[in-house]
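A short write-up of the structure that comes next.
Readers should treat all values here as calculations from the given coordinates under stated rules, not as data from a laboratory. Small disclaimer: the values here were computed from a predicted structure and weren't measured. Here the Cβ positions follow ideal geometry from the backbone for every residue, glycine too, while neighbour counts run over all protein chains shown.
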Amino acid sequence: MNKNMAGLLAVVVALALLAIGPAQTPVRAQAKTATIALYADAVTLDPYDTNDNLSLSVERTVYDGLVGFTPDMKVKPQLATSWEASPDARVFTFRLRRGVKFHDGTVFNAEAVKINFDRVRDPAQKLRRYSLYEMIDSITVVDESTVRFTLRRPFGAMLYNFAHPAGRIISPAAIAKGGASLARNPVGTGPFKFVSWAPGREIVVERNPEFWEAGQPRVDRIVFKFIPEDASRVAMLLSGEAQFAFPVTGVQAEAVAKTPDVSLDARWSIYAYYVALHTQRGPFRNMLVRQALNYAIDKNAIVKVVLRGYGRALDAPMAPGVANYTQVQAGGWPYDVAKAKALLSEAGFPNGFPTVLWLGTATETQRLGEAIQQMLAQINVKVELQPMEAGTLSAVRFKPIEENLSQANLAGWSPSTGDADWALRPLLGGGTWPPTLFNLAFYKNAKVDELLADALGTADEARRAKDYAEASRIVWSEAPWIFLYNSQNLAGLRAGTTGVYALGDGTVDVREATLTGK
Amino acid sequence: MSSYLVRRLWQMVPILFGVSLGAFAFFQAVPGDPARMLAGPDATLQDVQIVRARLGLDRPLIVRYVYFLRNALVGDFGRSFRSGEPVASIVGRHFGPTLLLSVASVVFATVTGLGVGLLQAVRRNTVSDYVSTVVSVAGISTPPFFLGLLLIYLLAVGLRWFPTGGMGTARSLVLPVLTLGAGVAATIARFARSSLLEVLGEEFVRTARAKGLEERWVLLKHVLRNALIPVVTMIGLQFGFLLSGAIVVETVFSWPGLGWLMVQSISFRDYPVLVAEILLFSLQFLVINLVVDLLYAGLDPRVSYG
């Protein structure tokens with residue numbers, strides 16, 4: 001009897017196994033399809049309504065801008081072949097590439113450019129990137145291939161705003177169909193045409209045979225897959241289902257680097273990580289205290305332990321990859337516990353003080369917080385870590401100063417325009433205290449504000465660089481932050497795949513993807 | 001019977017109404033500004049206000065709730081804060097994958113769980129009972145996150161038998177079902193074993209054997225049927241939980257279901273989607289409970305509803 005039952009069970013199991021079927025020979029991705037595994041789905045494919053890196057990365061394949069970014073975030077020509085700015089940074093003139101067509105056959109010309117920027121600067125359109133272009137006062141079609149922007153006020157960083165991945169040129173015919181259609185059916189001039197979007201799963205684009213740049217694109221299809229779980233995303237790369245995976249976390253880096261046929265691609269980001277200290281309240285009002293905290297943190301140890309070496313100490317209030325960056329202190333703020341203790345005593349806190357650090361909940365953020373906690377304990381500053389989920393953290397951080405309970409905030413910032421203005425002004429400008437922007441230190445220095453304004457008022461890059469260098473030096477010496485580190489973006493790549501990389505701002509560029517062999 | 005059904009269905013209305021009110025009030029109380037989350041940390045206050053007006057969040061809560069109710073009654077649950085798509089079509093799109101995964105997992109778990117439970121009960125206190133007990137306890141205790149990654153690295157990365165994730169061919173269903181079904185199967189096995197053992201000790205079983213019935217028929221006709229009632233309750237309950245989206249398993253396997261959607265929506269503070277999901281989950285539980293109650297009547301002639 002019992003034998004019968006066991007037999008029955010064996011049959012059931014065997015049937016189940018048969019249903020699963022024999023091992024399938026691993027299918028190599030078709031020679032010309034590049035599969036890109038990323039960490040989240042796109043939100044929209046309307047560039048002017050985009051503020052997440054995933055959507056921007058996908059949009060980059062379908063659209064071109066007037067200008068774009070090179071891998072190291074320098075401005076390069078795309079649909080504009082050349083440009084000039086008036087000395088007062090108010091008039092910007094672009095010469096446009098001729099003979100370019102949108103994917104729907106519409107001709108690209110100066111009028112198309114005007115239609116695009118007239119749309120975004122119209123407040124009634126309620127587009128998320130309104131403030132990047134709202135300073136445009138008028139747009140003139142000089143001739144078929146020349147377009148002129150006149151700004152309401154001087155804006156020296158304007159070229160970077162045009163290079164921002166949100167500033168793409170959409171087919172006027174597609175714009176005419178309305179925003180809802182645009183968000184799902186992008187039509188640009190880029191190397192790839194949009195094919196399909198299965199939300200939560202994948203976006204597919206295919207080669208645009210009429211792309212204006214000779215020799216591009218080099219693959220027939222690109223499939224973006226959205227894999228939020230870190231370990232699963234790397235698994236997809238290791239199994240050969242994806243040719244590129246981003247990001248790879250520091251913990252996984254070694255395993256990826258060791259796997260045959262897979263390599264780790266580490267590139268400098270333009271992210272700066274720091275602890276913003278509330279400069280208007282409590283012990284952090286005292287500059288000596290803020291300097292003491294900088295001396296007490298061993299940034300190199302943090303880079304080694306938390307980032308597994310994929311980073312470097314900040315040597316200015318912004319990452320070296322940002323345009324118009326100037327180094328302030330080689331090697332970063334020195335690590336000197338004795339000096340830190342002396343400064344604290346001098347400031348009137350010989351026995352330290354307690355404080356609260358707000359931070360996110362990601363594993364690496366937690367470890368970073370713990371490292372800071374331990375290091376500051378050496379100078380008797382007792383840090384209570386208060387991790388908060390993203391929505392909550394954002395809500396408490398963006399409260400105006402009267403209601404803002406923050407003391408110290410662990411934060412990271414990447415200027416999406418790639419320029420020093422957006423690296424300094426939103427974080428340290430006197431007019432950008434929450435809720436307006438992200439000046440979590442409530443820092444305000446008249447000289448810094450003056451320098452930032454002067455740099456915005458000119459198109460002279462040398463003068464801008466000088467202004468930002470001076471502002472950086474002041475900020476550094478007054479230490480509204482604990483200056484931590486600049487990190488690397490880590491991606492995984494299968495052998496034979498080239499032309500795919502993460503830019504410093506955390507978006508991905510796959511326009512020049514090339515597959516050879518494997 | 002039909003009047004019972006109508007009564008039960010009517011009872012769902014005030015419950016769902018209460019759930020919608022609770023969900024609305026709850027999300028209002030949760031810290032986090034959807035407009036700021038959507039606009040991003042580097043958005044200016046101006047951009048944030050543009051987004052807030054676009055989402056309709058500049059209107060008072062009570063006004064928003066009344067609008068929501070009025071529209072929800074005709075099946076319009078508003079638009080996603082995140083993508084602007086109608087909520088009904090978003091939830092609908094993610095319901096299919098979750099339903100598929102849940103049904104497949106429950107079928108797998110029921111077959112395996114009942115099989116193992118039966119084996120254990122019949123061979124009580126033998127080696128195979130002990131071994132399978134250890135295995136099922138391990139099955140209940142293994143976190144799905146760990147089991148999922150283990151299967152991915154062994155069977156997808158190592159042997160390349162299955163894809164690492166995503167929803168595609170039937171093959172892509174195997175690993176998520178194994179991961180999700182393992183715990184449920186083990187739970188069913190434990191339940192089935194104890195319930196079967198209880199029934200095996202009953203006098204009518206001895207009678208059945210005494211009248212010379214083959215053991216196979218004793219088990220299938222007399223024991224199993226009587227032992228099934230608590231097991232069915234448990235399966236129903238588990239099915240309800242599975243239908244609410246297996247958050248961990250869907251995340252590990254990039255399975256585009258309701259659990260995945262929930263995680264995405266929470267991080268974006270996409271309240272319209274969350275409220276609709278919560279209403280759907282409540283409805284699912286109500287319906288499953290009803291079905292389970294009706295199944296009792298089918299299994300046990302003493303139970304009837306008038």
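Rounded to whole numbers, the Karplus 3J(HN,Hα) couplings from phi for the stretch B:48-62 are 5, 5, 4, 5, 4, 5, 5, 7, x, 7, 7, 8, x, 3, 5 Hz, using 6.51 cos²θ - 1.76 cosθ + 1.60 with θ = phi - 60°, and x at Gly and Pro. When the trypsin sites (Lys or Arg not before Pro) in the stretch A:239-311 are filtered for DSSP coil states and for at most 14 other beta-carbon atoms within 10 Å of their beta-carbon, the remaining sites are A:ARG281.
Basic side chains Lys and Arg get +1 at the Cβ, acidic Asp and Glu get -1 at the Cβ, and with that the dipole of the stretch A:298-353 about its Cα centre reaches some 220 debye.
Counting every C-alpha pair in chain B, the share spaced more than 36 angstrom apart comes to 34%. Each residue of the stretch A:327-418 gets 157 Å³ once the volume of the Cα convex hull is shared out per residue.
Axis angle, to the nearest 10 degrees, between helix B:258-268 and the longest C-alpha principal axis of chain B: 30 degrees.
Size of the stretch B:1-143 from its Cα atoms: along the principal axes, largest to smallest, the extents are 72, 51, 26 Å. With respect to chain B, whose longest principal axis is taken over its alpha-carbon atoms, helix B:127-141 is tilted by about 10°. The relative contact order of the stretch A:283-355, computed from alpha carbon pairs under 8 Å that lie at least 6 residues apart in sequence, is 38 percent. Filter the trypsin sites (Lys or Arg not before Pro) in the stretch B:180-248 to those in DSSP coil with at most 12 other Cβ atoms within 10 Å of their Cβ, and list the result. Sites meeting the loop and neighbour criteria: B:LYS211. Relative contact order of chain A: 20 percent, from C-alpha pairs under 8 Å at least 6 residues apart in sequence.
What translational D, rounded to a whole number of µm²/s, comes out for the stretch A:165-296 from Stokes-Einstein when the hydrodynamic radius is the Kirkwood one over Cα pairs, at 4 °C and 1.567 mPa s? For these conditions, the coefficient is 66 µm²/s. Can you tell me the orientation of helix B:171-200 relative to chain B, as the angle in degrees between its alpha-carbon axis and the longest Cα principal axis, to the nearest 10? For helix B:171-200, the angle is close to 50 degrees. When the scattering of the stretch A:332-477 is computed by the Debye formula from its Cα atoms alone, each counted once and equally, what is log10 I(q)/I(0) at q = 0.20 Å⁻¹? The Cα Debye sum returns log10 ratios of -1.29. Restriction of the GluC sites (Glu not before Pro) in the stretch A:299-404 to DSSP coil positions whose beta-carbon has at most 16 other beta-carbons within 10 angstrom yields A:GLU389, A:GLU402, A:GLU403. Largest first, the extents of the alpha carbon coordinates of the stretch B:178-306 on the three principal axes equal 66, 38, 17 Å.
The convex hull defined by the C-alpha atoms of the stretch A:273-399 has an orientation-averaged projected area of 8.4 nm².
For the stretch B:277-299 versus the stretch A:362-420, the inter-centroid distance based on Cα atoms is 45 Å. Rounded to the nearest 0.05, the FRET efficiency derived from the C-beta distance between B:LEU21 and B:PHE204 at R0 = 41 Å is 0.25. Using just its DSSP H runs of length 4 or more, each adding -39500 (n - 2.57), chain A gives a mean residue ellipticity at 222 nm of -9500 deg cm²/dmol after division by all residues. The Kirkwood hydrodynamic radius of the protein assembly as shown, based on inverse pair distances between different Cα atoms, is 29.8 Å.
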